[in-house]
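**Student:** One structure follows; several queries about it will come next.
The values are calculated or read from the model by the stated rules, or taken from the named source; none is laboratory data. These numbers were taken from a predicted model, which means no experiment stands behind them. Note that we place each Cβ from the backbone using ideal geometry, even for glycine, and neighbour counts take in every protein chain shown.
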Amino acid sequence: MTLSNPVLELIHRHASVRHYKPDPLPREMIEAIVRAAQRASTSSNLQTWSVIAVTDPARRERLAALCGDQKHIAEAPLFLAWCADLARLERVCELRGYVQVTRYVENFLIAALDAVIAAQTAALAAESMGLGICYIGAIRNNPGEVIELLKLPRLTFPVVGMTVGWPARSPRRKPRLPLEAMLHWETYNPNQDEALKAYDHEMAMSGIYNQRQVPAPGKSGEMEAYGWMEHSARRASQAQRTHLRQFLRQQGFELE
């Protein structure tokens, strides 16, 4: 049985958009997207997130430079910076005579999860209006500069960015891993090699990696198509953003 409805169809059409028309988005549209995000699930209804909407071209240019010189950040008419935010709850505690506990990993995870759940809900809302989006993890490349640029107070942290705008061209949808590699029944199933190899071949043949070849592991002199496993293993074998703990602590997240 194949289940389908307009929401599922919208979800399955998703692809990251990296080319945008310059047309600005009406303020009402931006507010509608964030209102949708406000209806997302949130831990204990604490709503420990905030989002900074950046439309100013100069500020978007600066963000593009801070986020790995990604052109579409400056090109898109809207950049959303999704932030873990315990600052608002800090004020709530002050007003009610309490002292907020913020020093544990769990406190940051609550706020970070709230932010990303809200962001994904906003992404679906934007796509339902015909807009395109792209998540920007590189907002964490230079967190100190981003915090200064957006004037983020203590107990806030930019978790992820998002470009939003009208697509200038149709984005390319990437295949996803087989369901059997992702869905586990009752207990975790580690026997995923066949599913991984099938997906690796599909990605290699898709042209996404430009038909590159690499040495076959454990097979001297043999070459094979560059696929998802080679691409992902290279990425996973490199340390990324090792400086984040420093900036998290500067923002009041001690992560004990």
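**Student:** Which pairs do you get when a residue that is under 11 Å from GLU127 (Cα atoms) and touching a residue at least 40 places away in the same chain (Cβ under 8 Å), found in the range 1-17, comes within reach of a residue that is part of a loop (DSSP other than H, G, I, E, B) and among the aliphatic types (A, V, I, L, M), reach meaning Cβ atoms under 9 angstrom, with the pair 6+ apart or on two chains?
**Tutor:** VAL17/ALA76; VAL17/LEU131; VAL17/ALA168
**Student:** Taking the range 110-143 on its own, how many of its residues are closer than 14 Å to PHE253 by Cα and touching a helix residue (DSSP H, G or I) at 6+ places or on another chain (Cβ under 9 Å)?
**Tutor:** 3
**Student:** Do the conditions hold for VAL160, that is, is it β-branched (Val, Ile, Thr) and assigned by TED's automatic domain parsing to the domain that holds PRO22?
**Tutor:** Here the answer is yes, as VAL160 does meet what is asked.
**Student:** Could you please let me know if ARG60 is exposed (fewer than 15 other Cβ atoms within 10 Å of the Cβ), farther than 20 Å from THR121 by Cα and assigned by TED's automatic domain parsing to the domain that holds ILE30?
**Tutor:** Judged against the criteria, ARG60 is not a match.
**Student:** Consider the range 163-172. How many of its residues are out of contact with any Phe, Trp or Tyr (no Cβ under 7 Å at 6 or more places or on another chain) and within 23 Å of TRP82 (Cβ to Cβ)?
**Tutor:** Residues flagged as out of contact with any Phe, Trp or Tyr (no Cβ under 7 Å at 6 or more places or on another chain) and within 23 Å of TRP82 (Cβ to Cβ) within the range 163-172 amount to 2.
**Student:** Determine if the range 143-156 includes at least one residue that is closer than 22 Å to PRO22 by Cα, without any contact (Cβ under 8 Å) to a residue 40 or more places away in the chain and surrounded by fewer than 18 Cβ atoms within 10 Å (Cβ to Cβ).
**Tutor:** no
**Student:** To continue, here is another question. When ILE117 is evaluated against the numbered criteria (1) more than 11 Å from the chain's Cα centre (by Cα); (2) surrounded by fewer than 18 Cβ atoms within 10 Å (Cβ to Cβ); (3) in contact (Cβ under 8 Å) with a residue 12 or more places away in the chain, which criterion, by number, is the only one it fails?
**Tutor:** (1)
**Student:** Mind checking which residues of the range 10-29 are farther than 15 Å from LEU80 by Cβ and either of a type in the set (Val, Ile, Thr) or under 21 Å from the mean Cα position of the chain (by Cα) (or both)?
**Tutor:** LEU10, ILE11, HIS12, ARG13, HIS14, ALA15, ARG18, HIS19
**Student:** Restricting to the range 204-226, and then to whatever is closer than 18 Å to PRO175 by Cα and out of contact with any strand residue (DSSP E or B) (no Cβ under 9 Å at 6 or more places or on another chain), can you tell me which residue is modelled with the lowest pLDDT?
**Tutor:** ASN210
**Student:** Hey, could you check the range 156-203 for residues that are part of a loop (DSSP other than H, G, I, E, B) and hydroxyl-bearing (Ser, Thr, Tyr) and say which is nearest to VAL51 (Cα to Cα)?
**Tutor:** Filtering first and then ranking leaves SER170.
**Student:** Can you tell which of LEU131, LEU196, LEU150 is closer than 27 Å to GLN240 by Cα, assigned by TED's automatic domain parsing to the domain that holds CYS67 and of a type in the set (A, V, I, L, M)?
**Tutor:** LEU150
**Student:** Another one. If you scan the range 131-189, which residues turn out to be under 27 Å from LYS71 (Cβ atoms) and of a type in the set (Gly, Ala, Ser)?
**Tutor:** Once the filter is applied, which keeps residues that are under 27 Å from LYS71 (Cβ atoms) and of a type in the set (Gly, Ala, Ser), the range 131-189 yields GLY132, GLY137, ALA138, GLY144, GLY161, GLY165, ALA168, SER170.
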